[in-house]
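Enquirer: Handing you this structure, nothing more for now.
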Amino acid sequence: MTRPEKPHSLTLHLCAPRGFCAGVDRAIQIVELALKKYGAPVYVRHEIVHNRFVVDELKRKGAIFVEELDEIPDTRAPVIFSAHGVPKSVPDAAAARGLFSLDATCPLVTKVHVEARHNDEAGREVVLIGHAGHPEVVGTMGQLPAGAVHLVETVEDARRFTPKNAAKLAYVTQTTLSVDDTAEIVDVLKERFPAIRSAPREDICYATTNRQQAVKQVAAHCDALLVVGAPNSSNSQRLKEVGERAGCRYAALIQRAGDIDWAALENARNVAVTAGASAPEILVEEVVQAFRERFEVSVELVRTADESVSFNLPRELRSSAAE
């Protein structure tokens with residue numbers, strides 16, 4: 001029996017950088033090394049990173065995921081805080097219970113926490129540009145007393161915001177935002193409050209910026225953009241939005257190859273593929289293989305930046321990493 005002919009040729013434009021960033025890689029390593037050193041189970045508060053494939057793999061190895069500390073029994077097993085960061089109350093509560101905790105917060109998120117605290121200690125009101133309810137935003141707002149951080153999500157919020165003292169004001173941002181959206185909000189804040197202070201270096205992380213830039217490079221020239229990532233992944237959602245704004249006629253966020261809407265790609269000849277910072281490369285490879293099974297595929301790499309960032313592991317796990 002002969003196989004049916006593939007419908008037509010198609011070029012996949014693989015964006016680079018894509019997928020895991022240094023903070024995500026470090027967080028996953030922390031869970032894996034804790035399992036290696038201390039044995040199962042280890043407890044993880046919230047998804048270590050926003051990707052179901054990653055979480056399920058770690059569950060298989062012995063990690064138990066919870067949303068709050070009160071779901072964890074009294075135990076000597078490690079309790080790991082996710083890459084998104086947590087309010088100060090969480091490690092305080094863990095210490096009060098005598099739990100052994102390991103902090104997998106991305107160092108770039110920790111940098112934002114430090115900025116927020118320093119501005120508060122200097123007597124400045126803190127504006128946080130971010131998305132309400134996202135774990136990173138909850139963690140950053142939780143570094144200061146209730147009411148001390150003002151959340152601004154949109155340009156309209158920035159126009160409506162009224163500080164107590166415009167001369168004593170500072171802003172920080174969530175690390176996974178749209179670069180362009182954030183710039184618009186910052187422009188409004190600076191126009192209204194010329195004395196507002198910002199961080200010495202922008203808070204949106206290098207990986208978010210690089211992945212968005214790669215999408216901008218290809219999106220307008222492609223019939224479709226597929227972003228491999230989770231629905232609750234902020235940076236993945238932003239990649240889809242960036243592609244749409246850059247002129248791509250069809251953009252979709254997919255978790256696995258099985259989520260691809262092949263009918264929407266029926267006439268596509270050029271398809272861009274990228275992955276959010278918490279999506280493993282194996283899922284991108286799965287997508288490429290799915291295309292090869294349906295089309296005559298050529299693959300082009302579109303690289304807009306090189307990344308060599310790495311972060312230190314917690315002291316307790318460094319000897320295990322060296323083995």
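Coordinate-derived values only; no laboratory data. Here the structure is a predicted model, which means the values were calculated and not measured. Backbone-built Cβ (ideal geometry, glycine too); neighbour counts: all protein chains shown.
Enquirer: In terms of the ratio Rg/(2.2 N^0.38 Å) built on C-alpha atoms, what value belongs to segment 71-221?
Expert: It is 1.16.
Enquirer: Also, quick follow-up: When the distances between all Cα atoms of the chain are binned every 20 Å from zero, what whole-number percent does each bin get?
Expert: Histogramming the chain at 20 Å steps yields 30, 53, 17, 1 percent.
Enquirer: Using DSSP to call loops (not H, G, I, E or B), can you name the trypsin sites (Lys or Arg not before Pro) in segment 69-138 whose Cβ has at most 11 other Cβ atoms within 10 angstrom?
Expert: Within segment 69-138, the qualifying trypsin sites (Lys or Arg not before Pro) (loop, at most 11 other Cβ atoms within 10 Å) are R76.
Enquirer: Now for a separate question. With angles folded into 0 to 90 degrees, how steeply does helix 52-61 sit against the dominant principal axis of the chain? Use alpha carbons for both and round to 10.
Expert: Value to nearest ten degrees: 70.
Enquirer: Can you work out the base-10 log of I(q)/I(0) for segment 247-323 at q = 0.20, 0.25 1/Å, using the Debye formula on its C-alpha atoms alone?
Expert: Values, matching the q order: -1.00, -1.41.
Enquirer: Ranking I72, I64, I28 by Cβ neighbours within 10 Å, fewest first, what do you get?
Expert: I64, I72, I28
Enquirer: Rg and Dmax of segment 108-192, using alpha carbons, in Å: what are they?
Expert: Every Cα atom of segment 108-192 included, Rg and Dmax give 11.8, 30 Å.
Enquirer: Show which lysines lie in cross-link reach of K168 when reach means a straight Cα distance below 29 angstrom and same-chain residues fewer than eight apart are skipped.
Expert: Partners within reach: K88, K111, K190.
Enquirer: Right, something else. Return the lysines within reach of K240: Cα separation strictly under 25 angstrom, same-chain partners fewer than 8 residues apart disregarded; answer none if there are no such residues.
Expert: Cross-link targets: K216.
Enquirer: For helix 206-219, report the angle its Cα long axis makes with the longest principal axis of the Cα atoms of the chain; keep it between 0 and 90° and round to the nearest 10°.
Expert: Roughly 30 degrees, rounded to the nearest 10.
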